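The values are calculated or read from the model by the stated rules, or taken from the named source; none is laboratory data. From a predicted model like this one, the values you see are computed outputs, not experimental measurements. Quick reminder, even Gly has a Cβ in these numbers, built from the backbone with ideal geometry, and neighbours come from all protein chains shown.
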Amino acid sequence: MTKPADHTARHPLRHAGVDRTKVKDAPDTPQTRASAYKLAFADDDFLCREELRPVRLQLELLKTTLLLDEQDIRSTIVLFGGARIPAPANRDRARTQTLADLSHFYDVAQEFAHQMTLRSLESDGHENIIVTGGGPGVMEAGNRGASEAGGKSIGLSIVLPHEQAPNAYVTPELCFNFHYFAIRKMHFLMRARAICVFPGGFGTMDEMFEALTLIQTGRMERVPFLLFGRDFWEKIINWEALADAGTISPQDLELFRFVETAQEAMDVIDGWETTQPRETIPGR
């Protein structure tokens, strides 16, 4: 395991952590109880002020970056997919028959993550690390497959009104929690070597279209982009109608591939020629 960086001996000045501990021993007086007396970096109320939003955005970007770098995570395989898709063993408890029918994609995601992690471990275990949203359903399946292969995986959780704990298969030191969706999305894509999208709802489609837009507009390399379950995606989205209407170009339909199985996904990724970001947008 990569040894965490030493942050305590980079300069001869007193360390901030020492002062944070020291102020706890201050005499209890009206002055020391005043919010103004709190150290700025240890004052939660101050850090949550509206004017500090730029700082909070920076902190969410920086914390995850530093910790991933300390673990030497160089590249990732992104798994997006529905939190409501049950494991096949629990398909009888699905809210709808469609969700029950989609439960086999839990197994597909688990097997894909397992195989991809085994391949990663055959090299040095620092490339092509599985990353999910850290929740249940397809996300759990991805983290579970990586864990059962003996490897690490990342979970990028988000605070929601119906807060739930991260799934039990995320590597603890790679389990993150976000307030800002935008920063979370950046971390999904900053190291992505492939993007794999399983059936899901608004959140899955939001993540899918955001990534597709970045590739379409030349803001991101054309990495392997796989949609698992052609029947689902063609029923939910009329891709050809978008091209026929001219709101996208026919070439945009070549930015992704439909796959059904873990092995098919591995084969498509192996045969994919990653290209530099587009310099022009077809149809414009």
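Here are a few things to note about the model shown:
- Just one of the listed residues (141, 109, 165) is under 22 Å from residue 84 (Cβ atoms), small (Gly, Ala, Ser) and modelled with pLDDT under 95, and it is 165.
- Of 61, 39, 47, 52, all but one fail to be touching a residue at least 60 places away in the same chain (Cβ under 8 Å) and either more than 19 Å from residue 183 (Cβ to Cβ) or not acidic (Asp, Glu) (or both); the exception is 61.
- Top-ranked residue in region 70-109 [being of a type in the set (Lys, Arg) and not in a loop (DSSP other than H, G, I, E, B); ranked as farthest from residue 139 (Cα to Cα)]: 93
- Where strands (runs of 3 or more DSSP E) sit wholly within region 160-240, those with at least 3 residues that are under 12 Å from the mean Cα position of the chain (by Cα) occupy 175-178, 192-197.
- Options 194, 265, 182; residue that is modelled with pLDDT of 95 or more, surrounded by fewer than 20 Cβ atoms within 10 Å (Cβ to Cβ) and among the small types (Gly, Ala, Ser): 182
- Number of the exception - residue 5 against (1) among the hydrophobic types (A, V, I, L, M, F, W, C); (2) modelled with pLDDT of 95 or more; (3) more than 21 Å from the chain's Cα centre (by Cα); (4) closer than 30 Å to residue 120 by Cα: (2)
- Counting the residues of region 71-103 that are under 22 Å from residue 151 (Cα atoms) and exposed (fewer than 14 other Cβ atoms within 10 Å of the Cβ) gives 1.
- Residue match in region 40-59 (condition: under 30 Å from residue 199 (Cβ atoms) and modelled with pLDDT of 95 or more): no
- Candidate set: region 21-69, residues that are among the small types (Gly, Ala, Ser) and in a helix (DSSP H, G or I); chosen: the one surrounded by the most Cβ atoms within 10 Å (Cβ to Cβ): 42
- Number of positions in region 131-165 that are over 18 Å from residue 201 (Cβ atoms) and in contact with a Phe, Trp or Tyr (Cβ under 9 Å, 6 or more places away or on another chain): 11
- The residue pairs whose first member lies in region 1-18 and is over 13 Å from residue 66 (Cα atoms), whose second member is among the basic types (Lys, Arg) and at pLDDT 90 or above, and whose beta carbons are closer than 8 Å, counting only pairs six or more residues apart or on different chains, do not exist in this structure.
- Residues in region 163-180 that are aromatic (Phe, Trp, Tyr) and in contact with a Gly (Cβ under 9 Å, 6 or more places away or on another chain) were compared, and the one that is farthest from residue 109 (Cα to Cα) is 176.
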